[in-house]
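Have a look at the structure below, then the notes.
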Amino acid sequence: MLNALTIDVEDYFHVTAFERQIRPETWENHPLRVGENTRRILDMLDEYAVTATFFVLGWVAERMPHLVREIRRRGHEIACHGYAHQLVYRQTPSEFRADVSRAKRILEDICGEQVHGYRAPSYSITAQSLWAMDTLLEEGFTYDSSIFPVRHDLYGIPGGKRFPHQISTHAGDIREFPLSTYQVGSGRWSYHLPIAGGGYLRLFPAALVTRALREINDREGQPVIVYFHPWELDPGQPRIRAGVRSRFRHYLNLERMELKVRHLLDNFRFTTARTVLNRAAA
């Protein structure tokens, strides 16, 4: 089973957990660490002969076009993570369109080819912001990977479909690759356990994540999609003074993340999100 490996290319000061402490107008004041951390990931993927999808933030691409070109040169898919890392459901439709259009144009100008995939900052396409799918289609995207079928204070569509599917909009059909969850229980007592990566991979034992992903592959016959961020492999990043919950979510087990990612690379076959979706459609 081929699974999708995805990296959300943003820096430690872009995250929603620190939005109250670090405003976008001050981002320029913080040292960029995303370049070095992303190259560490590229070297690791070369080591395993794995290709992945890199959802690149437009703000980063604008300042580091050489990094985007290097990602593409080394065989990976370039996809869009928006421009300014703003939650979709806090934007108006016109603000959202301006954000994704700007980011897509920057990435395509750098790469010289079409960008097909989009992922919302903090998975913020929810039931209240599904209107964004029309905009994505109208802006030329062919697939999205923003829906997390879980219950969470910042994102999620509880009870949403767990595997790749089509979403019909007024503008047409777009393919959705929701973040992977493991179904616990059945019927009214079922629960979607988020095990797709990121903070969940840092929180849960690697053996538990591996077992859950293996069951999705083998028992349910479906591909999984795993994600993480370059800053998650960087325990030496500056510490931001924030609330307990924000610091827990951001800093938990950073020093163990690379080992956990390597554990997944040892145990599963990965490629780009677009490749997995195309195989599923075929």
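The values are calculated or read from the model by the stated rules, or taken from the named source; none is laboratory data. Remember, predicted model here, so these are calculated numbers, not experimental data. Note that each Cβ is placed from the backbone with ideal geometry, even for glycine, and that neighbours are counted across all protein chains shown. Please note that ligands, DNA and RNA were not included when accessible areas were found on the heavy atoms of the full protein model with its side chains. Shrake-Rupley method; radii C 1.70, N 1.55, O 1.52, S 1.80 Å.
Here is a yes/no grid of residues against (1) surrounded by fewer than 22 Cβ atoms within 10 Å (Cβ to Cβ); (2) free of Cβ contacts under 8 Å to residues at least 24 places away in the same chain; (3) in contact with a strand residue (DSSP E or B) (Cβ under 9 Å, 6 or more places away or on another chain):
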| site | (1), (2), (3) |
| --- | --- |
| Phe96 | no, no, no |
| Lys104 | no, no, yes |
| Ser124 | no, no, no |
| Pro164 | yes, no, yes |
| request: Answer yes if at least one residue in segment 233-248 is open to solvent by less than 10 Å² (accessible area, probe 1.4 Å), assigned to a helix (DSSP H, G or I) and modelled with pLDDT of 95 or more, and no otherwise. | output: yes
| note | Screening Ala17, Ala52, Ala4 for residues that are touching a His at 6+ places or on another chain (Cβ under 7 Å) and either closer than 20 Å to Ser180 by Cα or among the aromatic types (Phe, Trp, Tyr) (or both) leaves only Ala52
| request: Of the conditions (1) within 21 Å of Ser145 (Cβ to Cβ); (2) touching a helix residue (DSSP H, G or I) at 6+ places or on another chain (Cβ under 9 Å); (3) surrounded by fewer than 19 Cβ atoms within 10 Å (Cβ to Cβ); (4) not hydrophobic (A, V, I, L, M, F, W, C), Tyr227 clears all except one; give me its number. | output: (3)
| query | Applying the selection to segment 252-266, what residues are assigned to a helix (DSSP H, G or I) and either open to solvent by 60 Å² or more (accessible area, probe 1.4 Å) or of a type in the set (A, V, I, L, M, F, W, C) (or both)? | reply | Leu254, Glu255, Arg256, Met257, Leu259, Val261, His263, Leu264, Leu265, Asp266
| said: Checking Leu5 against (1) touching a helix residue (DSSP H, G or I) at 6+ places or on another chain (Cβ under 7 Å); (2) open to solvent by less than 10 Å² (accessible area, probe 1.4 Å); (3) on the phi < 0 side of the Ramachandran plot, only one condition comes out false. Which one? | reply: (1)
| Mind checking which residues of segment 141-156 are within 30 Å of Asp234 (Cα to Cα) and open to solvent by less than 30 Å² (accessible area, probe 1.4 Å)? | Tyr143, Asp144, Ser145, Ser146, Ile147, Phe148, Pro149, Val150, Tyr155, Gly156
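Which of the residues belonging to segment 58-90 are in a loop (DSSP other than H, G, I, E, B), at negative phi, surrounded by 18 or more Cβ atoms within 10 Å (Cβ to Cβ) and out of contact with any Phe, Trp or Tyr (no Cβ under 7 Å at 6 or more places or on another chain)? Lay out the reasoning, then the answer.
Our first condition is that a residue be in a loop (DSSP other than H, G, I, E, B); within segment 58-90, this holds for 64, 74-76, 81-87.
With at negative phi added as a condition, the list becomes 64, 74, 76, 81, 83-84, 86-87.
Still in the list and also surrounded by 18 or more Cβ atoms within 10 Å (Cβ to Cβ): 64, 76, 81, 83, 86-87.
Correct list: Met64, Gln86, Leu87.
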| task | Examine segment 181-190 for a residue that is buried (at least 17 other Cβ atoms within 10 Å of the Cβ), touching an Asp or Glu at 6+ places or on another chain (Cβ under 8 Å) and not β-branched (Val, Ile, Thr), and state whether such a residue exists. | result | yes
| query | Where residues in segment 135-167 are closer than 21 Å to Asp99 by Cα and among the acidic types (Asp, Glu), which of them is nearest to the chain's Cα centre (by Cα)? | reply | Asp144
| task | Take the residues in segment 168-180 that are more than 19 Å from the chain's Cα centre (by Cα) and part of a strand (DSSP E or B), then tell me which one is surrounded by the most Cβ atoms within 10 Å (Cβ to Cβ). | result | Thr169
